[in-house]
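Chemist: Got a structure for you, questions after.
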């Protein structure tokens with residue numbers, strides 16, 4: 001398929017590479033064009049604007065940092081909406097607000113485009129391997145059209161129905177669970193360490209018993225080893241996601257008391273550890289309590 005991919009951060013660069021691996025034709029755009037070098041060397045074309053990237057593409061994929069970044073490349077004279085042909089497909093992979101996804105669905109519907117919200121679970125190395133877990137929602141015909149793309153990006157796709165923003169709600173709930181696990185792991189490590197048990201010994205026990213799920217394998221070792229750079233899931237992005245989760249919870253009347261604690265600790269982490277650390281640095285904030 002002729003595809004456009006916009007947003008070449010750590011996740012985007014890996015996802016775009018997986019699409020090339022699968023044989024798709026790719027046009028890419030990024031705010032910092034130099035990040036596209038590895039992809040253009042493999043045959044991708046670099047567009048000067050989001051509109052140029054979307055022009056002629058069967059599907060446009062976006063993976064940008066936040067809602068503001070997505071809205072900035074979507075609208076305006078040089079935006080995606082201006083470049084997409086009638087019937088073209090937009091797959092939004094970013095972790096964005098439920099309300100933003102609803103707005104995108106409306107805009108694309110008015111423009112005669114198809115829209116699928118398809119946030120993903122998995123860190124950058126998994127993205128590069130094309131083994132992400134994709135949560136996808138949209139009209140059945142749009143999901144069907146997106147299938148070859150989603151198959152190239154992920155090992156599994158979870159369909160969430162006709163309403164695109166349902167996928168975003170699931171993604172926010174999942175990211176909340178990730179952060180709650182990091183919080184619990186950090187508290188457990190703090191308990192053991194302050195009681196005289198080495199972190200590596202704690203990790204050995206946890207990893208060798210019932211705490212050996214994928215999330216524990218990814219986040220446990222860096223917490224135990226106090227290894228928080230380079231960031232695979234940057235703390236400011238984690239904080240942004242928790243804000244979006246809180247907004248989603250308020251909108252539906254859900255009470256998430258643990259979320260308030262996680263947000264407070266993440267806020268302190270970004271302030272004291274820096275904006276370049278992984279969310280695992282949350283454990284350092286907990287250790288200082």
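The values are calculated or read from the model by the stated rules, or taken from the named source; none is laboratory data. If you're wondering where the values come from, they're calculated on a predicted model, not measured in any experiment. Note that we place each Cβ from the backbone using ideal geometry, even for glycine, and neighbour counts take in every protein chain shown.
Chemist: I'd like to verify a number: residues in region 160-177 that are under 13 Å from residue 119 (Cβ atoms) and either surrounded by fewer than 21 Cβ atoms within 10 Å (Cβ to Cβ) or at pLDDT below 95 (or both), how many?
Modeler: The total comes to 4.
Chemist: Continuing with the same structure: Give 208, 220, 186, 195 a once-over and let me know the one that is within 22 Å of the chain's Cα centre (by Cα) and at negative phi. Outline the logic, then answer.
Modeler: Details: 208 fails: within 22 Å of the chain's Cα centre (by Cα); 186 fails: within 22 Å of the chain's Cα centre (by Cα); 195 fails: within 22 Å of the chain's Cα centre (by Cα).
Of 208, 220, 186, 195, the one residue that is within 22 Å of the chain's Cα centre (by Cα) and at negative phi is 220.
Chemist: Being more than 27 Å from residue 246 (Cβ to Cβ) and over 23 Å from the mean Cα position of the chain (by Cα), is that true of even one residue in region 59-72? Can you show your working first?
Modeler: Of all residues in region 59-72, those more than 27 Å from residue 246 (Cβ to Cβ) come to 59-61.
Now narrow it down to the ones that are over 23 Å from the mean Cα position of the chain (by Cα): none.
Checked region 59-72: no residue is more than 27 Å from residue 246 (Cβ to Cβ) and over 23 Å from the mean Cα position of the chain (by Cα).
A quick yes/no check of all residues on (1) under 24 Å from residue 263 (Cα atoms); (2) surrounded by fewer than 14 Cβ atoms within 10 Å (Cβ to Cβ); (3) not assigned by TED's automatic domain parsing to the domain that holds residue 94:
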{"position": "122", "(1), (2), (3)": "yes, no, no"}
{"position": "132", "(1), (2), (3)": "no, no, no"}
{"position": "141", "(1), (2), (3)": "no, yes, no"}
{"position": "144", "(1), (2), (3)": "no, yes, no"}
{"position": "156", "(1), (2), (3)": "no, yes, no"}
{"position": "181", "(1), (2), (3)": "yes, no, yes"}
{"position": "198", "(1), (2), (3)": "no, yes, yes"}
{"position": "205", "(1), (2), (3)": "no, yes, yes"}
{"position": "209", "(1), (2), (3)": "no, yes, yes"}
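Chemist: Working carefully through the options 241, 278, find the one that is crowded, with 18+ Cβ neighbours inside 10 Å, within 25 Å of residue 12 (Cα to Cα) and out of contact with any helix residue (DSSP H, G or I) (no Cβ under 6 Å at 6 or more places or on another chain).
Modeler: Every option except 278 fails the conditions.
Chemist: Here's something else I'd like to know. Of everything in region 245-272, what is crowded, with 19+ Cβ neighbours inside 10 Å and farther than 17 Å from residue 172 by Cβ? Give them in sequence order.
Modeler: Within region 245-272, 265, 269, 270 qualify.
Chemist: Another question, if that's okay. Kindly indicate which of 78, 66, 55 is surrounded by fewer than 22 Cβ atoms within 10 Å (Cβ to Cβ), at pLDDT 95 or above and under 24 Å from residue 230 (Cα atoms).
Modeler: Numbers: 78 fails: under 24 Å from residue 230 (Cα atoms); 55 fails: under 24 Å from residue 230 (Cα atoms).
One residue alone meets the criteria, 66.
Chemist: Another question, if that's okay. Residues in region 226-237: is at least one surrounded by fewer than 21 Cβ atoms within 10 Å (Cβ to Cβ), farther than 23 Å from residue 64 by Cα and either at pLDDT 95 or above or assigned by TED's automatic domain parsing to the domain that holds residue 127 (or both)?
Modeler: yes
Chemist: Quick test of your reading of the structure: residue 137 fulfils all but one of (1) out of contact with any helix residue (DSSP H, G or I) (no Cβ under 7 Å at 6 or more places or on another chain); (2) surrounded by 17 or more Cβ atoms within 10 Å (Cβ to Cβ); (3) within 22 Å of residue 19 (Cβ to Cβ). Name the failing condition by number.
Modeler: For residue 137, the failing item is (1).
Chemist: Just one of (1) surrounded by fewer than 24 Cβ atoms within 10 Å (Cβ to Cβ); (2) within 22 Å of the chain's Cα centre (by Cα); (3) over 22 Å from residue 140 (Cβ atoms) trips up residue 96, so point out which.
Modeler: Failing condition for residue 96: (1).
Chemist: Just one of 188, 198, 146 is in contact with a strand residue (DSSP E or B) (Cβ under 8 Å, 6 or more places away or on another chain) and modelled with pLDDT of 95 or more; which is it?
Modeler: Exactly one of 188, 198, 146 is in contact with a strand residue (DSSP E or B) (Cβ under 8 Å, 6 or more places away or on another chain) and modelled with pLDDT of 95 or more, namely 146.
Chemist: Taking only region 14-29 into account, find how many residues are farther than 16 Å from residue 146 by Cβ, surrounded by fewer than 22 Cβ atoms within 10 Å (Cβ to Cβ) and either under 18 Å from the mean Cα position of the chain (by Cα) or not assigned by TED's automatic domain parsing to the domain that holds residue 51 (or both).
Modeler: Going through region 14-29 one residue at a time, the tally reaches 1.
Chemist: Considering (1) at pLDDT 95 or above; (2) closer than 30 Å to residue 273 by Cβ, say which one residue 214 fails and leave the rest.
Modeler: So residue 214 meets the others, but not (1).
Chemist: Looking at 69, 37, 85, which is the one that is part of a loop (DSSP other than H, G, I, E, B) and not assigned by TED's automatic domain parsing to the domain that holds residue 250? It would help to see each step written out before you state the result.
Modeler: Working: 69 fails: part of a loop (DSSP other than H, G, I, E, B); 37 fails: part of a loop (DSSP other than H, G, I, E, B).
When all the criteria are applied, what remains is 85.
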